[in-house]
Each structure stands twice: as structure tokens, then as C-alpha cells.
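Peer 1: I am attaching a structure below and will ask some questions about it afterwards.
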Amino acid sequence: NAGVTQTPKFRILKIGQSMTLQCTQDMNHNYMYWYRQDPGMGLKLIYYSVGAGITDKGEVPNGYNVSRSTTEDFPLRLELAAPSQTSVYFCASSYEPLGGELFFGEGSRLTVL
Amino acid sequence: LAKTTQPISMDSYEGQEVNITCSHNNIATNDYITWYQQFPSQGPRFIIQGYKTKVKNEVASLFIPADRKSSTLSLPRVSLSDTAVYYCLVGGPAGTALIFGKGTTLSVSS
């Protein structure tokens with residue numbers, strides 16, 4: 001199993017551009033999450049999903065959109081990128097609904113200039 | 001959503017036992033307590049999870065008192081490679097958001 005795979009690993013965007021961060025897991029996990037981590041800070045939950053077709057907002061959803069059309073994929077869309085969105089983005093998945101073990105991807109480092 | 005509070009940082013020396021306490025006063029009945037370790041430029045990695053009393057695995061122990069309003073991660077005989085950020089996460093049933101606290105930066109010196 002590859003686990004949780006995120007692409008791209010690095011990206012530089014100009015202000016106002018849009019892009020999609022891809023996240024794929026091959027563990028048949030129902031629960032998937034997007035977090036962002038600013039330099040020297042903790043993780044902030046952006047969006048999460050409990051299954052295909054079901055998503056919900058986390059702590060910091062503004063400026064982002066998600067979709068979950070399949071169990072495997074959970075892309076994160078950034079619309080009109082702003083410097084405040086410069087961060088490292090982590091995707092995670094879980095098989096256990098009771099706050100179970102989260103499996104994280106390697107992260108996508110995004111810089112908005 | 002249960003909010004967690006941890007010390008910002010801790011220092012230790014190799015070979016010592018390290019105990020990191022997390023406060024979660026408004027933990028819900030269905031919430032589990034999970035601890036993660038994060039190295040720079042990597043995603044967090046699962047260490048241990050528990051619901052009540054004591055849980056132990058090959059790398060750590062987790063102590064949870066009867067009221068479950070706090071928990072303590074115990075790392076026996078730390079080494080330099082244990083230098084990392086440790087997060088306490090309190091999570092509940094399906095469909096709930098899993099919110100991380102600020103974490104504790106553990107620095108281990110020789």
C-alpha cells in the first residue's frame with residue numbers, strides 16, 4: 001500500500017491564481033481530512049469527509065473548497081490564492097470513526113507570492 | 001469539540017523518562033485520546049491511543065485518570081531521536097472534526 005499520497009509536493013502560486021492539491025489513499029478509509037500547518041505552528045483543520053459525497057467544514061475553511069466523489073480521492077481546491085495561504089498542507093485518512101489513528105501524507109508545501 | 005492544552009515546550013536529557021500532560025476538561029463520553037509525534041517537514045505519526053486507565057505499547061505509555069479530564073504521555077528513556085513536537089488529540093464519533101492543539105516541543109540533549 002502506498003498509504004496517503006499528496007501531489008504536488010511543492011508549488012509556487014501568484015496571488016489570485018487557483019490550484020488543486022490532490023490527495024489519494026489506497027487503504028479504503030472512509031474518513032479523510034485536510035490540515036494546514038503554518039511555519040512553527042500547529043495543525044489547523046480545513047475540511048473533512050466521512051465518506052464519498054459527504055464533506056464538512058473544519059476550523060479554517062475560508063478560501064478553500066473540497067469534493068469527495070470517490071472513497072480514494074479528496075482534492076482541496078484553492079480559489080484566488082492569497083499570501084495568507086502560504087503553508088504546508090497535510091492530507092490524512094482514518095479507518096476508525098472513534099477518533100482513530102490518522103494516517104498522514106507527506107505534505108504539500110505551497111507558497112503564494 | 002474538546003479543546004486541549006499542553007505545555008509549549010519541554011527539555012530532557014538522553015535516558016530520562018519524559019511525561020507530557022494534556023488537559024482536556026470538556027472531553028465527551030465518546031471521545032478517545034490520541035497522541036501524535038511530528039518531525040520537521042513530515043506529517044504527524046501515531047504514537048498511542050486510549051480511552052481510560054492505562055495503555056502501553058512498545059514506544060510509550062498513556063495514563064488517563066478516572067475523570068478523563070487530562071492524560072499523560074510517558075516516553076521511557078528518551079533519545080536524541082525523540083526530539084519532536086507531540087500533539088494530544090481528542091476525538092469522537094464518526095463525522096466529528098479532529099482538532100489538534102498547539103503541541104509540545106520536546107528537546108532531548110546529550
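Peer 1: Among the aspartates and glutamates, which fall within straight-line cross-link reach of A:Lys9, defined as a Cα-Cα distance under 16 Å, with same-chain neighbours fewer than 8 residues apart omitted?
Peer 2: A:Asp38, A:Glu106
Peer 1: Within 10 Å of each Cβ in peptide A:60-73, how many partner chain Cβ atoms are there on average? Round it to a whole number, please. Could the numbers behind the result be given before it?
Peer 2: Values: counts 0, 0, 0, 0, 0, 0, 0, 0, 0, 0, 0, 0, 0, 0.
The per-residue average across the peptide is 0.
Peer 1: Separate question: Could you check the simple spin-label distance between A:Lys14 and A:Asp38, using points 7 Å along Cα→Cβ, in nm with one decimal?
Peer 2: 2.6
Peer 1: Just the number, please: percent antiparallel of the DSSP beta bridges in the protein assembly as shown, rounded to the nearest 5. Display every interim value, and only then the final one.
Peer 2: Numbers: 63 of 72 bridges.
Within the protein assembly as shown, antiparallel bridges account for around 90 percent of the total.
Peer 1: Using the 10 angstrom Cβ neighbour count as an exposure proxy, how do B:Asp67, B:Asp31, A:Asp56 rank, fewest first?
Peer 2: Numbers: B:Asp67 9, B:Asp31 21, A:Asp56 14.
The most exposed by this proxy come first: B:Asp67, A:Asp56, B:Asp31.
Peer 1: Ordered by residue, what ³J(HN,Hα) values in Hz, to whole numbers, does the stretch A:18-33 give under the Karplus form 6.51 cos²θ - 1.76 cosθ + 1.60, where θ = phi - 60° and Gly and Pro are x?
Peer 2: Coupling constants for the stretch A:18-33: 10, 6, 10, 8, 9, 9, 9, 10, 10, 9, 6, 7, 7, 9, 9, 9 Hz.
Peer 1: Quick one: what Rg and Dmax do you get for the stretch B:9-109 from the alpha carbons, in Å?
Peer 2: Over the stretch B:9-109's Cα set, Rg and Dmax evaluate to 13.3, 41 Å.
Peer 1: Among all the aspartates and glutamates, which ones have a C-alpha under 13 Å from B:Lys52's C-alpha, if same-chain residues fewer than 8 places away are not counted?
Peer 2: Within the straight-line limit of under 13 Å, B:Lys52 reaches these aspartates and glutamates: B:Asp31, B:Asp67.
Peer 1: Ranked by Cβ crowding within 10 angstrom, fewest neighbours first, how are B:Glu58, A:Glu101 ordered? Please list the in-between numbers first.
Peer 2: Working: B:Glu58 5, A:Glu101 16.
Listing B:Glu58, A:Glu101 from fewest to most nearby Cβ atoms yields B:Glu58, A:Glu101.
Peer 1: For labels at A:Asn28 and B:Phe63 in the simple 7 Å Cα→Cβ model, what's the distance in nm?
Peer 2: So the two model labels end up 4.1 nm from each other.
Peer 1: Under a straight-distance cross-link criterion of Cα-Cα below 18 Å, which aspartates and glutamates are reachable from B:Lys56, leaving out those fewer than 8 residues away in the same chain?
Peer 2: Those aspartates and glutamates meeting the cut-off are A:Glu101, B:Glu17, B:Asp82.
Peer 1: Let me ask something additional. Run through the DSSP bridge list for the stretch A:3-113 and note the antiparallel percent, rounded to the nearest 5. Could you put the intermediate results ahead of the total?
Peer 2: Working: 33 of 37 bridges.
Bridges in the stretch A:3-113 that DSSP calls antiparallel: roughly 90 percent.
Peer 1: Another question, then. Quick check: the distance between the Cα centres of the stretch B:62-110 and the stretch A:31-69, to the nearest angstrom?
Peer 2: With the stretch B:62-110 and the stretch A:31-69 each reduced to a Cα centre, they are spaced 22 Å.
Peer 1: For the stretch A:4-112, what's the relative contact order in percent, using C-alpha pairs closer than 8 Å and at least 6 residues apart?
Peer 2: Details: 283 pairs, mean separation 39.4, N = 109.
Result for the stretch A:4-112 is 36 percent.
Peer 1: Hey, could you pull the Cα Rg and Dmax for the protein assembly as shown, both in Å?
Peer 2: Here Rg and the maximum Cα pair distance are 17.5, 52 Å.
Peer 1: At a threshold of 8 angstrom on Cα-Cα distance, excluding pairs fewer than six apart, so keeping six or more, what relative contact order does the stretch B:9-109 reach in percent?
Peer 2: Values: 237 pairs, mean separation 37.0, N = 101.
Relative contact order comes out at 37 percent.
Peer 1: Over all directions, what mean area does the Cα convex hull of the stretch A:4-112 project, stated in square nanometres? Intermediate values should be presented prior to the final figure.
Peer 2: On the way: hull surface 24.2 nm².
With the hull built on Cα positions only, its mean projection is 6.1 nm².
Quick note: the coordinates plus some simple rules give every number you see, no bench work behind them. Predicted model, so just to flag it, every value in this text is computed and none were measured. Here the Cβ is made from the backbone with ideal geometry for all residues, glycine too, and neighbour counts use every protein chain on show.
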